[in-house]
Amino acid sequence: MKTLFSRPDPWVIILGLLCAAGAARADTFVSGAVIKNPAPARFSVCYEHTCSKVAQLALPEQQWQSVRALFNPTPQDAQAEREVIALAVAQMERLVGPLTGTAHDKGRNFKGVGIAGQMDCIDESTNTTTYLAMMAHDGLLQWHTVEDRVTRGFFIFGWPHTTAVIRATTDNQRYAVDSWFRDNGEEPYILPLEIWRGGWQPES
């Protein structure tokens, strides 16, 4: 099932290419159509830059089970769980892609210019936070909690960029879960948030 919300806005493409947060608080979602308490039976997906389109979806139980299966057996420590989280976010992107037309989303912004269904970092961080919340609500996360999104930059201190965030319950270390750099269905980068804040980018 898919319900689509569109937000016509002449600044959407500009904001998307800049990947700006649109507000001082990164956890202030761009679109009111984003479901705040997502579950497999009802959740939202942003795309087309800065949540200009929001689809409301429901996953069949069998598809959600493919995400659950990644956490079986239960990861034995936080590092192992982060590795599974990366796999699970990638799996969610593969499941959602055909439903929203985002299966061909390219990493970053410029590789996908002109291709329908592209996502900027606002879309990606919002969706990743949604997927992480779904995992947490289903009891799949034993070693982490889901945090508000975080933005670095704001032009004066660098190019604006937003990421999803998790916190390890063992030592309170926060980690960026950044899916924007990679194509749809590829594992996000997970790294200490302070390193990410310093302007980290993948080598390739």
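The values are calculated or read from the model by the stated rules, or taken from the named source; none is laboratory data. Small disclaimer: the values here were computed from a predicted structure and weren't measured. Heads up, the Cβs are rebuilt from the backbone with ideal geometry, glycines too, and the neighbour counts pull from every protein chain shown.
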Selection count where residues are under 23 Å from R42 (Cβ atoms) and touching a residue at least 24 places away in the same chain (Cβ under 8 Å), scope segment 145-185 = 10
Just name the residue that is surrounded by the most Cβ atoms within 10 Å (Cβ to Cβ) out of those in segment 159-183 that are among the aliphatic types (A, V, I, L, M) and farther than 18 Å from P75 by Cα.
-> A164
E186 fails exactly one of the following numbered conditions: (1) surrounded by fewer than 17 Cβ atoms within 10 Å (Cβ to Cβ); (2) modelled with pLDDT under 95. What is the number of that condition?
-> (2)
Going through segment 34-73 in order, the residues found to be of a type in the set (S, T, N, Q) and within 17 Å of M134 (Cα to Cα) are N37, S44, Q56, Q62, Q63, Q65, S66, N72
Top-ranked residue of segment 32-83 - restricted to ones that are part of a helix (DSSP H, G or I) and among the polar types (S, T, N, Q), ranked as farthest from T162 (Cα to Cα) | Q62
For segment 19-34 the number of residues that are out of contact with any Asp or Glu (no Cβ under 8 Å at 6 or more places or on another chain) and either buried (at least 21 other Cβ atoms within 10 Å of the Cβ) or at pLDDT 95 or above (or both) is 4
From (1) touching a helix residue (DSSP H, G or I) at 6+ places or on another chain (Cβ under 8 Å); (2) part of a loop (DSSP other than H, G, I, E, B), pick out the condition that doesn't hold for P202.
-> (1)
L99 vs. criteria touching a strand residue (DSSP E or B) at 6+ places or on another chain (Cβ under 8 Å) and surrounded by fewer than 24 Cβ atoms within 10 Å (Cβ to Cβ) | yes
